[in-house]
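Working notes, beginning with the structure itself.
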Amino acid sequence: MTNKETYYILCEKEKEMPLFSQPWYLDAVCGESSWDILIIKKGSEIAATMPILKKKQFGFSLSRMPLITPYLGPYYTKKFRSVKQQEKLMRTLIQKLPFFDFFDQNFHHSITNWLPFYWEGFEATVRYSFLIDLTKNLEDIFQNISSNYRNNKIAKAKKEIKIVSNRSLEEFYEVQKKTFEKQKMRVPYSFDFIKKFDSILEKENAREVFFTLDEEEQIHSVAYLTWDEETAYFQMTGSNPVFHNSGAGILIVWEVIKYAKEVLGKSRFDFCGSVIEGITKVRQEFGAEQVPYFNLKKFESNVFEILYKVK
């Protein structure tokens, strides 16, 4: 049995495995042949795993984050989660890493100790995600939102805007493009990529797409929600700049939070992180808890390091 076959079986048993480490998710964002899995066993039991993206670019071997994937990193099975066990397992995972010219990976925010990587010459940057505890009463969650959002933006938008999930993926992507264009950026993924990604997520019943519409059926904002056993992820969003003042971009966040709690029954809502000031402030207005996670990097090629830093 190959490592991947073993991993598929493990993921069927381990209900706590994050969405982004699921093998079918990795197939969607990397391609079936462009990722591998490190597995550490203790006796006959699997103790730890870690997905690795494999990519060749301009002759360099790169292990980087896949598109639209906020977190990866190690996963420890339930019997192997003490600090000492995790440090030993992390050292073994590092030893098993394939050769790379550049390693760049975000660890899931449940991974709070990266010291063995530090000891092996890796560097880390602290980034932040924003979480909402969905085990609380819905009214308490709503009251934790800023009064400006509750009483102005959401209240106003509710009178003029409706939420639907029956518009096309092409329309979703067009709004995404407008969002990036407003920031003078290119969309980092093609429509073909999103189409393949969406087909896999839909097959696995792990996503829903939301649109806000006005009376003329014009799309104001969009949201792409994904989930695993415990957490709903606000993975992609966008707004048409023409309708910036309608409040639809704020309303859609609240409606998606409600959906995650009331329909999906999840215990956490994860905004999937950002260090951009404007986005951070919106997350804070929703009363989300700021939670750190680590981005780890290591250069083994001086040439690639120079090219990376120049770019």
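Values quoted throughout were computed directly from the atomic coordinates according to the rules given, and no laboratory measurement underlies them. All of these numbers come straight from a predicted model, not from anything done at the bench. A quick note on method: Cβ atoms are made from the backbone with ideal geometry, for glycine too, and the neighbour counts reach across all protein chains shown.
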Requested in this report: Can you figure out the FRET efficiency of Lys297 with Ala155, using R₀ = 51 Å and their beta-carbon distance, to the nearest 0.05?
Outcome: 0.70
Report summary line: Quick calc, region 132-186, dipole around Cα centre from Cβ unit charges on Lys, Arg (+) and Asp, Glu (-), nearest 20 debye, gives 300
Query raised in the report: Within the chain, which DSSP H helices have Cα atoms that stretch 24 Å or more along the helix axis and a mean Kyte-Doolittle hydropathy of at least -0.5?
Result: none
Requested in this report: Under 1.5 on a/c is rounded, so check that first for region 145-282, then, if it is not, pick prolate when a/b is larger than b/c and oblate when it is not; a ≥ b ≥ c are the square roots of the alpha carbon gyration tensor eigenvalues.
Outcome: rounded
Report summary line: If every Lys and Arg gets +1 and every Asp and Glu gets -1 at its Cβ, then about the Cα centre region 169-246 yields a dipole, in debye to the nearest 20, of 560
Query raised in the report: In the structure displayed, which of Lys13/Lys196; Lys54/Lys177; Lys55/Lys178; Lys4/Lys55; Lys195/Lys261 lie more than 19 Å apart, Cα to Cα?
Result: Lys13/Lys196; Lys54/Lys177; Lys55/Lys178; Lys195/Lys261
Query raised in the report: So how strong a dipole does the chain carry about its Cα centre when Lys and Arg Cβ are +1 and Asp and Glu Cβ are -1, to the nearest 20 debye?
Result: 780
Report task. Could you tell me the distance between the Cα centroids of region 250-311 and region 172-193, to the nearest Å? Result -> 18
Report task. Calculate the all-directions average of the projected area of region 67-184's alpha-carbon convex hull, and give it in nm². Result -> 12.9
Query - Reciprocal of mean inverse Cα separation for region 258-311 (Kirkwood radius, Å) - result: 14.6
Query raised in the report: Taking a temperature of 10 °C and a viscosity of 1.306 mPa s, what whole-number D in µm²/s does Stokes-Einstein yield for region 166-223 with Rh from Kirkwood over alpha carbon pairs?
Result: 128
Query raised in the report: So which GluC sites (Glu not before Pro) in region 185-223 pass both tests, a DSSP loop state and at most 12 other Cβ atoms within 10 Å of the Cβ?
Result: Glu215, Glu216, Glu217
Report task. Tell me what the chain gives for mean residue ellipticity at 222 nm when only DSSP H runs of n ≥ 4 count, each as -39,500 (n - 2.57), the sum divided by the residue total, rounded to 500 deg cm²/dmol. Result -> -10000 deg cm²/dmol
Report task. Select from Ala248, Gly278, Tyr173 the residue farthest towards the positive end of the dipole of the chain; place +1 on Cβ of Lys and Arg, -1 on Cβ of Asp and Glu, and compute about the Cα centre. Result -> Gly278
Report task. Would you mind giving the average projected area, over all directions, of the Cα convex hull of region 29-116 in nm² with one decimal? Result -> 6.3
Query raised in the report: If we sort 254-261, 176-183, 136-143 on the protection proxy, mean other Cβ atoms within 10 Å, highest first, what's the order?
Result: 254-261, 176-183, 136-143
